[in-house]
Amino acid sequence: MKKRGRWEYVGRVGGVQAAVIIAIDAGHILLVEQYRVPLGRPCLELPAGLVGDESEDETAEMSAARELEEETGYRPAKCTTLGTFYASPGMVSECFTLVRAEGLTRVSEGGGTADENIIVHRVPLATIADFIAERRAAGVAIDVKLLTLLGQSLLSDQAGD
């Protein structure tokens, strides 16, 4: 917790940033589901990880490639930064770099480290809204970053107005 004037917010020690990965393979998006202590339940998310977790000189692209393989079992041929974003700027100072992973090759089952117990989902993009709704109905929390996948469908209902 930090306080600036009357404003309270949360910030990571040392300003550590995260890399969040959009990985599409043959019309399917790779998602992960894992238990999140602050929520007290599993959460459906894009694969992600801390930049510099393994070495101080690690870039967002390097971190994205490492985390994608660790969490999902897919190794990218190329990672491209799409920009830096803030998920909840009124409460948290943390930002993340959104990275697109391309040229995916499956090299393992994924699942993260021994204590993460990550479930990997390979979901057709055409059915992503239904899949998210199903996981939500099953009591799984939905990470705000999944709005990147729902954006067009959320706006399409308003197109005729």
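Measuring from a point 7 Å past the Cα of R122 along Cα-to-C-beta, which residues in the stretch 34-65 have an amide N at less than 17 Å?
Inside the label zone: 47.
For S108, S63, what's the largest-to-smallest order of accessible area, 1.4 Å probe?
Output order, biggest surface exposure first: S108, S63.
Expressed as a whole percentage, what fraction of the accessible surface of the stretch 84-151 belongs to carbon and sulfur atoms when a 1.4 Å probe is rolled over the protein heavy atoms?
Whole-percent figure for carbon plus sulfur exposure: 54.
For F96, F85, give me the order by solvent-accessible area with a 1.4 Å probe, most accessible first, ignoring ligands, DNA and RNA.
Sorted by accessible area, descending: F85, F96.
How much accessible surface area, in Å² rounded to 10, belongs to the heavy atoms of R100 with a 1.4 Å probe?
90
Let me cross-check I128: its accessible surface, 1.4 Å probe, with only protein heavy atoms counted, in Å² to the nearest 10?
10
Per residue, how much accessible area does the chain have with a 1.4 Å probe, in Å²?
Heavy-atom SASA per residue in the chain reads 59 Å².
Heads up, I need the accessible area for R36: 1.4 angstrom probe, whole protein in place, Å², nearest 10.
Surface accessible to solvent at R36 totals approximately 90 Å².
Take every DSSP beta bridge with both residues inside the stretch 1-114 and express the antiparallel ones as a percent of the total, to the nearest 5.
Here the antiparallel bridges make up roughly 75 percent for the stretch 1-114.
The values are calculated or read from the model by the stated rules, or taken from the named source; none is laboratory data. Quick caveat, the model's predicted, so the values are computed rather than measured. Neighbour counts are summed over all protein chains in view; Cβ atoms, including those assigned to glycine, are modelled from backbone coordinates with ideal geometry. Surface accessibility is based on the protein's heavy atoms, side chains included, excluding ligands, DNA and RNA. Shrake-Rupley method; radii C 1.70, N 1.55, O 1.52, S 1.80 Å.
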